[in-house]
Amino acid sequence: MSANQPLAPYHRITIKIGSALLVDRAGKLRAAWLAGLATDIAALKAEGRDIVVVSSGAIALGRGLLGLSATTLTLEQSQAAASAGQIALSQAWAEALGQHGIVTGQILITPNITEERRYYLNARTTIQTLLGLGAIPIINENDSVATAEIRYGDNDRLSARVATMIEADLLVLLSDIDGLYTAPPARDPSASHIPLVETITPAIEAMAGGAASHLSRGGMTTKVEAGKIATQAGTAMIIAKGTEPHPLRSLAEGGLHTLFQPVASRAQSRKRWIMGTLQVSGSVQIDAGAVRALNQGRSLLPVGVTRINGDFERGDTIAIAGPDGREIARGLSGLDSADARQVIGKHRDTIIALLGAGSRSELVHRDNLVLIGAKEELHS
């Protein structure tokens, strides 16, 4: 792929597959289409890219397997269909990517996993570990247990949550349409294609219509909602047509699509999030040497910590105060407060001896830390 192609700038890509692309009206897998997509994914992976797939299709496949209606299902039937279909879906992905020597891992997610920090960290670690081992995570909502009150309801927004959770550069939504139009083209033949969305404004949102496919839960509305989630977190998003035999190859070769530009870098977005949206769960006080280290862009190590206040879990936001007690920084803790108290003032070798070889040596990693004096810069 040359540098002028749509996928060229991106290293970590989340790809969302809709049910209507993967499953036909009879509830059968579109095996030939999936084989073509798997070939495209393998080509991207061979270029050194990390690929994560968010795949719909469990309920649609389960309907066919269980002989259920293709149009109306009760909640209990949907859950049963998801249970049966998830096995078939996972097997299909494992076989398709296995033809290219790629191992897959299945992860089923409900909203609490991406919205509650502890579960979020565990899910992110699992995905990161799979990627590090050369596997491709296949992610879906856990529809076999999720109820109407505790579910995303569409995989567009789920894929955006996953993309931001793993700090993907790009989210690709493969759909039955090649991007955003000024109006739903099925209803307005004069609608114009929009190749680039720099900012999602109310006017852009008004261009989106409702669900169009026989299997879709969403439509352009949920795709634009996904775009808001992704771009606000520093992840670009592309909506592209997925019905081609090789949809990612077609996109990479310049196929028609809509690119939603991120409104900030992932680093800026993450720091804004740390500063403005998370409740502080505890605080630490540090010595002058640690203050100098933070000002030089380094991580906060336990050796520079003189006091710990409050109880917090790994991943919680903590305030960081200098020797005079004034807050100078804020960050996400790499240790819970109990472990932090064990290693306060200790060096790395002692930390490993106390907490084990797999333990973190930083209390707050520099990527998860914001200096209070940099707050104005983050909002500029």
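The values are calculated or read from the model by the stated rules, or taken from the named source; none is laboratory data. Quick caveat: nothing in here was measured; it's all calculated off a predicted structure. Note: ideal-geometry Cβ built from the backbone for every residue, glycine included; neighbour counts use all protein chains shown.
Out of Lys16, Lys45, Lys28, I need the residue that is charged (D, E, K, R), surrounded by fewer than 21 Cβ atoms within 10 Å (Cβ to Cβ) and in contact (Cβ under 8 Å) with a residue 60 or more places away in the chain. Which one? Result: Lys45 is the single residue among Lys16, Lys45, Lys28 that is charged (D, E, K, R), surrounded by fewer than 21 Cβ atoms within 10 Å (Cβ to Cβ) and in contact (Cβ under 8 Å) with a residue 60 or more places away in the chain. In the stretch 67-176, counting only helices (runs of 4 or more DSSP H) that sit wholly within it, the ones holding 2 or more residues that are modelled with pLDDT of 90 or more span 75-98, 117-132, 155-165. Of the residues making up the stretch 200-251, just one is farther than 26 Å from Ala31 by Cα, among the acidic types (Asp, Glu) and either modelled with pLDDT of 95 or more or more than 16 Å from the chain's Cα centre (by Cα) (or both), namely Glu205.
Taking the stretch 329-372, which residues are basic (Lys, Arg) and under 13 Å from Ser283 (Cα atoms)?
Step one: of the stretch 329-372, the residues basic (Lys, Arg) are 330, 341, 346, 348, 360, 366.
Correct list: Arg330, Arg341.
Keeping to the stretch 41-58, report how many residues are assigned to a helix (DSSP H, G or I) and either on the phi > 0 side of the Ramachandran plot or in contact with a Pro (Cβ under 7 Å, 6 or more places away or on another chain) (or both). Counting residues in the stretch 41-58 that are assigned to a helix (DSSP H, G or I) and either on the phi > 0 side of the Ramachandran plot or in contact with a Pro (Cβ under 7 Å, 6 or more places away or on another chain) (or both) gives 0.
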